[in-house]
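Scroll down for the structure; my scribbles are underneath it.
The values are calculated or read from the model by the stated rules, or taken from the named source; none is laboratory data. Treat the numbers as computed from the prediction; the structure is a model and nothing was measured. So basically every Cβ, Gly included, is an ideal-geometry build from the backbone, and we count neighbours across all protein chains shown. Heads up: the accessible areas ignore ligands, DNA and RNA and are worked out on the full protein's heavy atoms, side chains in. Shrake-Rupley method; radii C 1.70, N 1.55, O 1.52, S 1.80 Å.
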Amino acid sequence: MDVKKVKPAGRIKHKIVIPGDKSISHRAAIMGMLAQGETRITNFLKAEDCLNTLAACQQLGATVNWHNEELIIQGCGLEGLKPPRSVIDCGNSGTGVRLLSGVLAGQSFESIITGDEQIRRRPMQRIIDPLFRMGAQIESEPGGRCPLRICGGNLRAIDYISTVASAQVKSCIILAGLFAQGKTSISLPGSSRDHTERLLRFFGVAVASGTAPGSGPGQLPDEKILVDGRSELSGRKINIPSDISSAAFFMTAAAILPGAELKLENIGLNPGRSGIIRVLVNMGAEVVMENQRQEAGEPVADLIIRGKGFLKSTHIYGPMIPGLIDEIPVLAVAAAVAEGETIISDAAELRVKETDRISMLATELSSLGVEVEERPDGMLIQGGNIRGGEVDSHGDHRLAMSLAIAGLVSEQGVTIKNPQCVNTSFPGFWEILEKVAR
Ligand code: S3P
């Protein structure tokens, strides 16, 4: 069986090139397909998830070419998509399925969209309900699971209130809204990553967004987005920032290891994604931002992370969660070596990611000698040492990479079963890890 052994690291001092942002790469491919004319993309993430979305765009009629490292997409315009000749397979990607379903709901032809075993277990009712209200016909497996058979067209604009603070749900409805008559509005609790809104504006579409007083019992301010139907996109040139969710693994390693210093260039700092920086600083790490700028409507900077060899525990909860949802597995590793008790709460969404990340983290960290108490909406982690041992990624890319960081900061090292799943979001991860830890 394929395994990776990660030995405890000494001092790390490096500059690392982090690959392109996964969330933005999906959106850039989809918007390139929907645009009139040519879109040229650099730093597109060539990982399985985004390559599957790109293949789906080709199935729907976009022409895709690579010129050295530049991706060139000839768009179809909103009216020009073609019926796919076969099932659209998004592999492991929830973002791919949910965003493309919004586009498919706007087409009068029928299509079937699905993914791998993990995707076929994930909840899709959260997008089926609003798309149905907009007028699309959607058949699913019991419990609102993939494959989805979608037949749409002639959509009407709706005012939708989502009970989950999910950027995937929001983006699905925004994309469907492009094909509707009239103005579609979406409200959701708290605020989530706004890549779709930013990139649509960059492609020339007017998207209004703001916050409104909270409607839920927790009284979190709602995020509200308005998009006009039938607004054409025009092809653009985009340089995709590097992915903060991939950077997160090495940022955390540097924050933990005494005397570490790591430089990460061109990191996307979308306010709905950069919660990890605040948490690491709050736990005691030093994070410096240099050369702050904008790329394709997104804030970007170079980051320097310095570890002082001491972290203290923290509380990760409520409105913080959407801004660091994908970083919780690696923050759990930081909590495992911090002084004191860290509580992660209000994070039940972790149970419907690629795996049930609450349960998997509790199981795998426990087998490395960490004291973890699993809770319905999070966990309590007693900081101390990570002894080390053998663990399983369960085919979850972020779990595999978090456990690798646990290996770097452990006493005896960590062996990870099923390590190849990192290719979902971070090809080259193992090579960089080896270089950094040498
Ligand atoms: C993503 C949104 C998040 C995140 C996922 C990528 C996106 O999911 O966990 O990895 O690109 O919109 P939810 O929006 O479902 O929380």
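Key figures for this structure:
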read-out: Top-ranked residue of the stretch 157-172 - restricted to ones that are small (Gly, Ala, Ser) and in contact with a Lys or Arg (Cβ under 6 Å, 6 or more places away or on another chain), ranked as nearest to the ligand (Cβ to nearest atom); value: Ala167
read-out: Every residue from the stretch 379-435 that is within 25 Å of Tyr317 (Cβ to Cβ) and of a type in the set (A, V, I, L, M); value: Met379, Leu380, Ile381, Ile386, Leu399, Met401, Leu403, Ile405, Ala406, Val409
read-out: Strands (runs of 3 or more DSSP E) wholly inside the stretch 1-116 containing at least 1 residues that are touching a residue at least 40 places away in the same chain (Cβ under 8 Å); value: 3-6, 13-16, 38-42, 70-74, 110-114
read-out: Long-range neighbours under 8 Å by Cβ, at least six apart or interchain, first residue at positive phi and at pLDDT 95 or above within the stretch 345-356, second open to solvent by 40 Å² or more (accessible area, probe 1.4 Å) and away from the ligand (no atom under 13 Å from the Cβ); value: Asp346/Tyr317; Asp346/Asp377
read-out: Boolean, Arg351 is of a type in the set (Lys, Arg), closer than 21 Å to Ile276 by Cα, surrounded by 21 or more Cβ atoms within 10 Å (Cβ to Cβ) and touching a helix residue (DSSP H, G or I) at 6+ places or on another chain (Cβ under 7 Å); value: no
read-out: Lone qualifier among Glu265, Glu286, Glu261, Glu232 - being more than 16 Å from the ligand (Cβ to nearest atom), over 22 Å from Ile24 (Cα atoms) and in contact (Cβ under 8 Å) with a residue 40 or more places away in the chain; value: Glu261
read-out: Every pair of residues 6+ apart whose Cβ atoms lie under 6 Å, when the first sits in the stretch 404-420 and is crowded, with 23+ Cβ neighbours inside 10 Å while the second is among the aromatic types (Phe, Trp, Tyr); value: Ile405/Phe249
read-out: Residue in the stretch 99-148 that is nearest to His26 (Cα to Cα), counting only those that are among the β-branched types (Val, Ile, Thr) and either touching a helix residue (DSSP H, G or I) at 6+ places or on another chain (Cβ under 7 Å) or in the same structural domain as Gly395 (by TED's automatic domain parsing) (or both); value: Val103
read-out: Out of Arg149, Arg133, sole residue that is part of a helix (DSSP H, G or I) and away from the ligand (no atom under 16 Å from the Cβ); value: Arg133
read-out: Test: residue in the stretch 54-74 that is closer than 29 Å to Arg438 by Cβ and more than 16 Å from the ligand (Cβ to nearest atom); value: yes
read-out: Residues being under 22 Å from the mean Cα position of the chain (by Cα) and aliphatic (A, V, I, L, M) - total across the stretch 138-152; value: 1
read-out: Test for Gly152: is it over 29 Å from His397 (Cα atoms) and at pLDDT below 95; value: yes
read-out: Selected residue (only one of Leu155, Leu178, Leu131 is more than 25 Å from the chain's Cα centre (by Cα), open to solvent by less than 10 Å² (accessible area, probe 1.4 Å) and closer than 23 Å to Ala208 by Cβ); value: Leu155
read-out: When residues of the stretch 285-313 are limited to those that are crowded, with 22+ Cβ neighbours inside 10 Å and not hydrophobic (A, V, I, L, M, F, W, C), the one modelled with the lowest pLDDT; value: Gly307
read-out: The stretch 189-213, subset outside any helix (DSSP H, G or I) and in contact with a helix residue (DSSP H, G or I) (Cβ under 6 Å, 6 or more places away or on another chain), residue most open to solvent (accessible area, probe 1.4 Å); value: Ser209
read-out: Which numbered condition Val164 misses (of (1) in contact with a Gly (Cβ under 7 Å, 6 or more places away or on another chain); (2) assigned to a loop (DSSP other than H, G, I, E, B)); value: (1)
read-out: Subset of the stretch 20-47 (residues that are within 16 Å of the ligand (Cβ to nearest atom) and of a type in the set (Lys, Arg)); value: Lys22, Arg27
read-out: Breaking point among (1) modelled with pLDDT under 95; (2) at positive phi, for Gly61; value: (1)
read-out: Among the candidates Asp356, Asp396, residue that is out of contact with any strand residue (DSSP E or B) (no Cβ under 8 Å at 6 or more places or on another chain) and open to solvent by less than 20 Å² (accessible area, probe 1.4 Å); value: Asp396
read-out: Options Val3, Val17: the member that is open to solvent by 60 Å² or more (accessible area, probe 1.4 Å), closer than 30 Å to Ile416 by Cβ and among the hydrophobic types (A, V, I, L, M, F, W, C); value: Val17
